[in-house]
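The values are calculated or read from the model by the stated rules, or taken from the named source; none is laboratory data. Computed from a predicted structure; not experimentally measured. With ideal geometry, Cβ positions are generated from the backbone for all residues, glycine too; neighbour counts draw on all protein chains shown. These area figures cover heavy atoms from the full protein model, side chains too; ligands, DNA and RNA do not enter into them. Shrake-Rupley method; radii C 1.70, N 1.55, O 1.52, S 1.80 Å.
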Amino acid sequence: MHTTVSQNPRLVVVGNGMAGIRAVEELLKMAPDLYDISVFGAEPHPNYNRILLTPVLAGEMALEETILNPLEWYAEHGIQLFTGNPVTRIDRVKRLVISADGKATHYDRLLLATGAAAAMAPVPGNHLPGVMSYRDMADVEALTRSSALGGQAVVIGGGLLGLEVAHGLRARGMEVTVIHRRAWPLDKQLDQRGGVLLQKAMEARGVRFLLGKETAEILGSAHVTGLRFSDGTEIPADVLVMTIGIKPRIELAQAAGLQCETGILVNDTLQTYDPRIYAVGECVQHRGQTYGLVAPLFEQAKVAANHLAEYGRMRYQGSVTSTKLKVTGIELFSAGNFMGGEDCEEVTLLDGSQGVYKKVILQENKVVGGLLYGDTSIGPWLFQLMRDGTDVSAFRDNIVFGETHLGDAGHSGENQAARLPDNAEICGCNGVAKGSIVKAIREQGLFTLDDVRKCTKASASCGSCTGLVEQLLASTLGGFYDSTPKKKALCGCTELSHQEVRDAIVKEKLLSVRQVYAYLEWRHPAGCATCRPAVNYYVRTAWPMEGLDDPQSRFINERAHANIQKDGTYSVIPRIYGGVTSPAELKRIAEVAERHHVPMVKFTGGQRLDLLGVKKEDLPKIWAELDMPSGHAYGKALRTVKSCVGSEFCRFGVQDSTRLAIELEKNLERMWAPHKVKLAASGCPRNCAESTIKDMGIIGVDSGWEIYVGGNGGMKVRAADLLCKVKTHEEVLEMAKAFLQMYREDAQYLERTAPWVERIGLEKIKATIVDDANTRKTLAERMDFALSQEKDPWKEAVSGRLDIHAAPMRRIPA
Amino acid sequence: MEWMALGTLEEIPARGGRYVETPLGEIAVLRNENDEVFAVSNQCPHRGGPLSEGFVSGKLVFCPLHNWQIDLEKGEAVAPDSGCVKRFPIRMEGEQIWLGLQEITP
């Protein structure tokens, strides 16, 4: 019997778990109508969140709360779901799957997501009633029933799963003993020091450990009664849980003649040896690796879906994973090579009394692994450093204290999200409390930062609470949370990263936003508010002369050349070079402000004058009357060069900082950049212009000028780094141009100099522009060329060459 | 229903918008990449941002103040945000755009 034949090809998914269904979800996003879809699952439930088995076992959650895709979801998407009905055979010649009920279903594409089963120790008695595994909801239900009788539980295997089940059974009131072959628990995630701390903490909760023990035999005749070790000793057991590992479920694939080793072999597109058959999840083996954590499975699901949708663009290249233990109150994180070894260095922190242990493994100044116990707040950050291969030489000595010790202020300084009360405000921009974020993660099955942003808006605005949100994800999801996708897509319109888009613009000479979208097959032909300004900036930076500047891909401020205010009016900040003005100019500004009844005139933080509350319609008139250049105070551009008085008047000044500020501003005005750029020049080391918290700050000393870069005084305070010392104004100007051009060409859109300098490292910047005079010169020349293409936008608007659409399209009288 | 001539398609930048002053308040007139034209009240339901200054992509406009997304066919903010904008009928005759001065009621 065949299923009804429709015109669409049929995709059959074998396995109704997290990996298979995630792949279906990704596929529906890309190609909702491409396939008729059938899903077969062995379990009786719709897709549930396997990560939450332990909270269910511990009685902290109910099964219903773990459902990720309720039955309505399948119906809504026209998916045929067969639960409690495993596929028993695949006929690759006739392209059929045969399920347990004897039914044959035709497929055009097959997706195997059969997961993994618990490995059972090959000892006598391992099939006795009372010997259980811990893999699915049925196991949890069986364990819950057994634990209700109380008594002795023995867990064989002191890995992540073993400790979680021990915790859960202890919470249900059983006496629990964990048996482990090695000298300390969790030896795949912890070194001995960490293992001992963990053991003590678990023992304090009433879990016993028997270490270095090899099980020889499980005792009992009708039911398990105990076990005997290879040294002859015995312990009693009413329930025995086997958590020594998992093995991919490959029997079905194997019987169908697909190549398998430990898992089903797949290539980088998640295709098996049969091109019609894909596989994802715990059942696959990719480049020799199998995975049991959720993050890699999701990455695989995305790639497989991309190919099933016939996009054919993505490749899966393996995953770097980190683990966290999900036992309430025990914080543990480990990733990469946490044992160290030759050529490696360790930075450690041990506070035995507080139960805190941190260890970071470095190789050639890059993080290659880490282990955190007791305080895991720096985990996501550390993992990011590891995956990005960031050079940490600048802060390696303090690395165990985390990012917070590198000059954070405000929100990001908070590092203990887990300990905050539910009503604590996490996201100050959107007013989202901790409780709502945690609830959303649990109830809506969120796994990534992007999910949380989309669903709750937390950290979706200024982003300064991102670290806190990541901690909440980590502490709520526990063992399976993976902080960031390996490669960050520029936005939801593409899979490509900022750098990949940029490279294509340069290599393929793409000269407009539209060309980029067409060539790189953007998902939405007109993009979104995230990619449009970024891509427009990349086009303009790569091709300053030929590249088309698309006003509709610029934020309103850069399109109107004024700063929009909350009430829809604008502010006007004319350029006043170095902050030096004259009585005549001040009079003119005053008169313009009076004539147009400008509601407020204010000095800005950057020493300039701001006319606030101007209607869009009045902008061109006001610009004409001011007859001054635009101050670009509204743009991702050079803002102002703040300055102190300097040697001209100041009795302490050793250099003419005012003149330098004017020169800098005249040389760099109209410079667009990935983000706003603020400069300052001080005439002596008293540094009244606050040069050390600017993107680039200059400080006069007796022998010349010190140049500082990467400072910031805003959202996240960062003291600037000393780049170099030079003698003359000309040298300052050339260095400034080279530094800013390097930033323009390298930084991601919306990345300020402070994080950029941290990301690529000061040493690289020094090598490029301080040590190498040629590169410095060519960078400065490229800056000059780019600036020569830019005209003053206010003059353009006044002369009628630029239309900012100041007036309404039409006025319809009453 | 009163239909008012607004002007021609080319007066509205593609993937952007303009606004019109009317007795019913400011109305944003938005044009997407396929030259479809939409008219909605020029006030984001969030903090009143001028939607005529937002990015337009497909059926969506992104508010310039806080990046709320408004579905122009439904007149509703895209989840997790919620709120409505009034929609007004548009008729095209060749390049000429006509605006109907009466809110579309569902």
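For the range B:1-41, the candidate set comprises residues that are aromatic (Phe, Trp, Tyr) and more than 10 Å from chain A (Cβ to nearest Cβ); within that set, the residue that is least open to solvent (accessible area, probe 1.4 Å) is B:Phe38.
Scanning the range A:254-293 for residues that are out of contact with any Gly (no Cβ under 9 Å at 6 or more places or on another chain), among the aliphatic types (A, V, I, L, M) and more than 24 Å from A:Arg523 (Cα to Cα) yields a count of 7.
Assess whether A:Thr144 counts as being assigned by TED's automatic domain parsing to the domain that holds A:Leu240, at negative phi, open to solvent by 30 Å² or more (accessible area, probe 1.4 Å) and β-branched (Val, Ile, Thr). Taking the combined requirement at face value, the residue satisfies it. Restricted to the range A:503-534, and to residues there that are under 24 Å from B:Glu53 (Cβ atoms) and basic (Lys, Arg), the residue that is nearest to the other protein chains (Cβ to nearest Cβ) is A:Arg532. The residue list A:Gly151, A:Gly84, A:Gly102 contains one member that is farther than 21 Å from A:Ala42 by Cβ and of a type in the set (Gly, Ala, Ser), which is A:Gly151.
Of all residues in the range A:743-765, those satisfying the criterion of being closer than 22 Å to A:Leu787 by Cβ, open to solvent by less than 20 Å² (accessible area, probe 1.4 Å) and out of contact with any Pro (no Cβ under 6 Å at 6 or more places or on another chain) are A:Tyr743, A:Arg744, A:Thr753, A:Trp756, A:Ile765. Can you confirm whether A:Val320 is modelled with pLDDT under 85, open to solvent by 40 Å² or more (accessible area, probe 1.4 Å) and within 18 Å of the chain's Cα centre (by Cα)? Yes. Elements of the type strands (runs of 3 or more DSSP E) sitting completely within the range A:242-311 and holding at least 1 residues that are within 26 Å of A:Gly492 (Cα to Cα): these cover A:277-279. The residue list A:Ala814, A:Ala767 contains one member that is over 25 Å from A:Glu558 (Cβ atoms) and part of a loop (DSSP other than H, G, I, E, B), which is A:Ala814.
Conditions tested, residue by residue: (1) open to solvent by less than 40 Å² (accessible area, probe 1.4 Å); (2) not in a loop (DSSP other than H, G, I, E, B).
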{"residue": "A:Leu53", "(1), (2)": "yes, yes"}
{"residue": "A:Glu60", "(1), (2)": "no, no"}
{"residue": "A:Glu64", "(1), (2)": "no, yes"}
{"residue": "A:Asn69", "(1), (2)": "yes, no"}
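Restricting A:Gly84, A:Gly115 to those that are at positive phi and buried (at least 20 other Cβ atoms within 10 Å of the Cβ) reduces the list to A:Gly115. If you go through the range A:184-216 and keep only what is hydrophobic (A, V, I, L, M, F, W, C) and part of a helix (DSSP H, G or I), you end up with A:Val196, A:Leu197, A:Leu198, A:Ala201, A:Met202, A:Ala204.
What is the residue count in the range B:42-56 for residues that are in contact with a Ser or Thr (Cβ under 9 Å, 6 or more places away or on another chain), at pLDDT 95 or above and more than 7 Å from chain A (Cβ to nearest Cβ)? Selection size over the range B:42-56: 2. The conditions of being more than 14 Å from chain B (Cβ to nearest Cβ) and assigned to a helix (DSSP H, G or I) are met by A:Tyr537.
Of all residues in the range A:512-534, those being open to solvent by 20 Å² or more (accessible area, probe 1.4 Å) and in a helix (DSSP H, G or I) number 4.
Of all residues in the range A:639-654, those satisfying the criterion of being out of contact with any helix residue (DSSP H, G or I) (no Cβ under 9 Å at 6 or more places or on another chain) and either part of a helix (DSSP H, G or I) or over 24 Å from A:Arg554 (Cα atoms) (or both) are A:Arg651, A:Phe652, A:Gly653, A:Val654. In summary, A:Trp543 fulfils each of the numbered conditions (1) in contact (Cβ under 8 Å) with a residue 24 or more places away in the chain; (2) more than 28 Å from A:Cys644 (Cα to Cα); (3) under 34 Å from the mean Cα position of the chain (by Cα); (4) within 14 Å of chain B (Cβ to nearest Cβ) with the single exception of condition (4). For the range A:104-120, a residue qualifies if it is part of a loop (DSSP other than H, G, I, E, B) and more than 13 Å from A:Val14 (Cβ to Cβ), and the qualifying residues are A:Asp108, A:Ala119, A:Met120.
One line per residue, one yes/no per condition, for (1) within 14 Å of another protein chain (Cβ to nearest Cβ); (2) under 12 Å from A:Gln741 (Cβ atoms); (3) free of Cβ contacts under 8 Å to residues at least 24 places away in the same chain:
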| residue | (1), (2), (3) |
| --- | --- |
| A:Arg759 | no, no, no |
| A:Lys766 | no, no, no |
| A:Asn774 | no, no, yes |
| A:Lys791 | no, no, no |
| A:Val798 | no, no, no |
| A:Ile804 | yes, no, no |
| A:Ala807 | yes, no, no |
| A:Arg811 | yes, no, yes |
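Count of the range A:254-289 residues, restricted to those that are closer than 18 Å to A:Thr88 by Cβ and under 29 Å from the mean Cα position of the chain (by Cα), is 2. In the range A:442-472, what residues are within 14 Å of another protein chain (Cβ to nearest Cβ) and either outside any loop (DSSP other than H, G, I, E, B) or free of Cβ contacts under 8 Å to residues at least 12 places away in the same chain (or both)? If the condition is that a residue be within 14 Å of another protein chain (Cβ to nearest Cβ) and either outside any loop (DSSP other than H, G, I, E, B) or free of Cβ contacts under 8 Å to residues at least 12 places away in the same chain (or both), then A:Glu443, A:Gln444, A:Asp450, A:Asp451, A:Val452, A:Arg453, A:Lys454, A:Cys455, A:Thr456, A:Gly463 are the ones that fit. Reported count of residues in the range A:18-51, each being under 29 Å from A:Arg170 (Cα atoms) and either open to solvent by 20 Å² or more (accessible area, probe 1.4 Å) or modelled with pLDDT of 90 or more (or both), is 8. Check the range A:647-660 and report whether any residue there is among the aromatic types (Phe, Trp, Tyr) and in contact with a strand residue (DSSP E or B) (Cβ under 7 Å, 6 or more places away or on another chain). No, because not a single residue in the range A:647-660 is among the aromatic types (Phe, Trp, Tyr) and in contact with a strand residue (DSSP E or B) (Cβ under 7 Å, 6 or more places away or on another chain). The set of residues in the range A:779-789 that are of a type in the set (Asp, Glu) and either free of Cβ contacts under 8 Å to residues at least 40 places away in the same chain or within 14 Å of chain B (Cβ to nearest Cβ) (or both) contains only A:Glu781.
Taking the conditions exactly as written (in contact with a Lys or Arg (Cβ under 8 Å, 6 or more places away or on another chain) and assigned to a strand (DSSP E or B)), does A:Gly318 satisfy them or not? Here the answer is no, as A:Gly318 does not meet what is asked.
Those strands (runs of 3 or more DSSP E) of the range B:42-106 in which 2 or more residues are open to solvent by less than 60 Å² (accessible area, probe 1.4 Å) occupy B:55-57, B:60-62, B:69-71, B:96-100.
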